[in-house]
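See structure below.
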Amino acid sequence: MIEPFLIAIAAVFFLAGFVKGVIGLGLPTVAMGLLAVSMPPAHALAIVIVPAIVTNIWQTFVGPYLRDIIRRLWPLMAGTVVGIWLNAGMLTGPYARYGTIVLGVLLVIYAIVGLSKFSFSVARTDEKWIGGIVGLITGVVSAATGVQVIPSMPFMQAIGMEKDELVQALGVFFTVATLGLAFNLTSAGLLTAATALPGAVAMAAAFAGMFIGQAVRTRMQPEIFRRWFLIAMIFLGLYLVGSAVYNLLVS
């Protein structure tokens with residue numbers, strides 16, 4: 001008999017992979033948000049990490065821009081790794097119980113920024129030092145929540161990358177960030193053989209969702225799907241914050 005837990009994992013990652021297939025990102029964001037409903041963010045991240053790394057590596061090499069991406073984004077990536085290392089104990093230390101609240105708030109901020117289409121530009125001469133600072137902040141936030149989209153995503157849009165280059169850049173950046181998180185999880189003893197089966201199920205479901213999402217992308221307007229996806233993220237984030245605060249008050 002297939003365990004209900006594995007069925008739930010497959011459903012979560014199929015949906016997360018579908019979202020990534022349609023709009024090019026969102027797998028860790030969706031998966032972390034949904035899994036955090038029933039488990040601490042640290043345990044959710046232990047399941048998310050391998051599918052996220054594999055799908056991002058695949059996205060990294062789909063396109064001809066890899067050399068230019070590394071040249072432009074190395075301060076962002078280096079800052080993110082340093083930030084993840086500096087905040088390594090956040091998911092497993094004494095403040096870990098607040099991780100769900102931080103994750104929920106982050107999902108709401110991410111969705112509101114996306115819906116508002118807020119944008120700014122960064123001059124080519126400033127993008128490296130600003131990228132380093134943005135990376136450091138992203139790393140600190142990522143180490144606490146497992147999500148790497150704030151503030152890195154707005155920054156990558158602000159430096160003027162074309163659509164295809166941006167998609168590949170997201171793959172490169174998220175690969176580096178998730179490898180940094182994997183090191184933290186391994187050091188904390190959370191990435192073990194016990195996560196192998198859920199991770200394998202998650203990866204298979206994520207790839208299935210991605211392929212279907214890519215097929216759907218050719219038949220629908222991604223912007224419409226993206227709008228409803230972001231609205232759903234707001235409600236999910238508010239639910240996570242509300243339930244986590246309630247659990248803290250009654251405990």
In the stretch 101-128, what count of residues is obtained for those that are part of a helix (DSSP H, G or I) and open to solvent by 20 Å² or more (accessible area, probe 1.4 Å)? 11
Before we move on, is L249 in a helix (DSSP H, G or I), at pLDDT 85 or above, farther than 26 Å from V54 by Cα and open to solvent by 50 Å² or more (accessible area, probe 1.4 Å)? no
Checked against (1) under 15 Å from the mean Cα position of the chain (by Cα); (2) at pLDDT below 80, A206 satisfies every condition except (2)
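Only one of V134, V167, V140, V176 is touching a residue at least 40 places away in the same chain (Cβ under 8 Å) and closer than 25 Å to E223 by Cα; which?
Answer to the selection: V167.
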Residue check for L230: in contact with a helix residue (DSSP H, G or I) (Cβ under 7 Å, 6 or more places away or on another chain) and either on the phi > 0 side of the Ramachandran plot or open to solvent by 80 Å² or more (accessible area, probe 1.4 Å) (or both): no
Assuming L179 fulfils every condition listed in (1) hydrophobic (A, V, I, L, M, F, W, C); (2) buried (at least 22 other Cβ atoms within 10 Å of the Cβ); (3) within 22 Å of V50 (Cβ to Cβ) apart from one, which condition is it? (2)
In the stretch 129-143, is there at least one residue being out of contact with any strand residue (DSSP E or B) (no Cβ under 9 Å at 6 or more places or on another chain), under 15 Å from I53 (Cα atoms), buried (at least 19 other Cβ atoms within 10 Å of the Cβ) and not polar (S, T, N, Q)? no
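The values are calculated or read from the model by the stated rules, or taken from the named source; none is laboratory data. Just so we're clear, the structure is a prediction, and the values are computed from it rather than from any experiment. In this analysis, Cβ positions are derived from the backbone assuming ideal geometry, glycine residues included, and neighbour counts consider all displayed protein chains. Remember, those area values only see protein heavy atoms, side chains included, never the ligands or the DNA or RNA. Shrake-Rupley method; radii C 1.70, N 1.55, O 1.52, S 1.80 Å.
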